[in-house]
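Please read the structure below before turning to the comments.
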Amino acid sequence: MKEGFSKLSKQEKIDWVLKTFFKSGSKDSEILKKYWNDDKSIQTIHDEFAENTITNFYLPLGVAPNFIIDKINYTIPMAIEESSVVAAACKSAKFWSKRGGFKSTIISTTKTGQIHFKFNGSSKKIETFFISIKNKLEDSCKEITKNMNKRGGGIININLLNKTNSIKDYFQIAVKFDTVDSMGANFINSCLEQIALTFEAEFNESNIFNKSDKLKIIMSILSNYTPECVVKVELKSKISNLKSKDISDPENFAKKFVEAVEIAENDISRAVTHNKGIMNGIDAVVIATGNDFRAVEAAIHAYASKDGSYMSLTHAKIENDEFVYWIEIPISIGTVGGIINLHPMVKWCLNLLQKPNSKQLMSIIGAAGLAQNFAAIKSLITSGIQVGHMKMHLINILNSLGADEYEKTKIIQYFKANKVTFNSVKTALKKLRKNEL
């Protein structure tokens, strides 16, 4: 047990970790320091993003060009370590750039939070009381909402929800917000806590309750489930226009594609993998733009279950000889505030995206997810997923086997016409080193 660890200096933390858990010491210390930023001011920013930091943990930042979204040409930044994700996004973007691109619709941008409390008295009484002080609750947040109101956001409405059918004496004060271009977590939580204080104070001063009527505030917190902060991104093409180098029979391709999506709409085993692929694209952009990918993941997966069973986030149909394919997802993100204003690479990525507002970024993220899913299904119903994936994974295999640059060049050339597996690469590398390849 280590007491006072957080009070140690960065070097003291490293020394304790190495002494306690490592044998080699100096070598492991060097690994940590290799990932420090040479610019001390940038390193200080990174150190202060989280607690007990000892180094930085890097992810590759790739870019996917040729995304035409609502007639604007984007090159999308993607922070991800998984092979073939960026390549798949690039292929889909290029394919659809010649077929009209991605079209998006922002369905709504409302976010929510709740004050969870228990009241043991008459439901009618607490409902009447809430109505009488509803305006006071909103007014109590005026100082907090002042700047947000100037930007066009703020509190949309406040309602009392009776939840006593699920938990005895349980109620919520549900508050809806528009946070404009910020994700708004701190803003929402500050408003909720103030409303809770005002509600409790008004309750204690009210003369309509009996001595036996007890109010207990349990907690005040935003919800990461945002089914009213939703973007729809769509792709459309005449079936005949789907023909390409690797789609020789567009009609058969479209039918198989719709069938593949239908399976993911009805089978949870397929739906989870299907949606994981979508999140490859979404998370990569969310991370690159400094947003909370855990919150986005939680909301999207919950949304996939909104109709009672977990199902595909994408949908496809053939209508009037036209292939129609779309995604509809909740995305609560921001383009100002928090880490977005501090992280140099986040700023760079948003500049690359031409400084989008939050609605535009919702569309960009949705398009990245849809592109990823299109690439995956296209591979699955044509050549199979492993052909492209393993060729992208080839460089990782070569690195793990200690191949030098000459060997990498030769082996990559060799596997342009051969199937990639770990053992086949290992064998080929051995032959190359014996001058037998």
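The values are calculated or read from the model by the stated rules, or taken from the named source; none is laboratory data. This one's a predicted model, so the numbers in the text were calculated from it and none came from an experiment. Note that we place each Cβ from the backbone using ideal geometry, even for glycine, and neighbour counts take in every protein chain shown.
Some observations on this one:
- Which listed residue is among the charged types (D, E, K, R), assigned by TED's automatic domain parsing to the domain that holds Leu137 and either under 27 Å from the mean Cα position of the chain (by Cα) or assigned to a loop (DSSP other than H, G, I, E, B) (or both), from Glu297, Glu193: Glu193
- Pair list, Cβ under 9 Å, 6 or more apart: the range 207-231 residue closer than 14 Å to Ile126 by Cα, other residue among the basic types (Lys, Arg): Ile208/Lys125; Phe209/Lys125; Asn210/Lys125; Asp213/Lys125; Lys214/Lys118; Leu215/Lys118; Lys216/Lys118; Ile217/Lys118
- Scope the range 160-181; condition closer than 14 Å to His116 by Cβ and outside any loop (DSSP other than H, G, I, E, B); matching residues: Leu160, Leu161, Asn162, Tyr170, Phe171, Gln172, Ile173, Ala174, Val175
- Among residues of the range 71-92 that are under 17 Å from His393 (Cα atoms), those with a beta-carbon under 8 Å from a residue that is in a loop (DSSP other than H, G, I, E, B) and β-branched (Val, Ile, Thr) at least six positions away or on a different chain give the pairs Val86/Ile80.
- Scan of the range 322-365 for residues that are farther than 30 Å from Phe253 by Cβ and among the small types (Gly, Ala, Ser), ordered by number: Ser332, Gly334, Gly337, Gly338, Ser358
- Lys71 exposed (fewer than 15 other Cβ atoms within 10 Å of the Cβ), over 16 Å from Val346 (Cβ atoms) and not assigned by TED's automatic domain parsing to the domain that holds Leu235: no
- If you go through the range 311-353 and keep only what is within 18 Å of the chain's Cα centre (by Cα) and in a helix (DSSP H, G or I), you end up with Gly338, Ile339, Ile340, Met345, Val346, Lys347, Cys349, Leu350.
- Against the conditions (1) surrounded by fewer than 11 Cβ atoms within 10 Å (Cβ to Cβ); (2) assigned to a loop (DSSP other than H, G, I, E, B); (3) small (Gly, Ala, Ser), Ser41 satisfies every one except (2).
- Unique residue being surrounded by fewer than 20 Cβ atoms within 10 Å (Cβ to Cβ), out of contact with any helix residue (DSSP H, G or I) (no Cβ under 8 Å at 6 or more places or on another chain) and over 30 Å from Phe293 (Cα atoms) when the list is Glu200, Glu193: Glu200
- Of residues in the range 178-187 being crowded, with 23+ Cβ neighbours inside 10 Å and touching a Gly at 6+ places or on another chain (Cβ under 8 Å), the one nearest to Asn147 (Cα to Cα): Thr179
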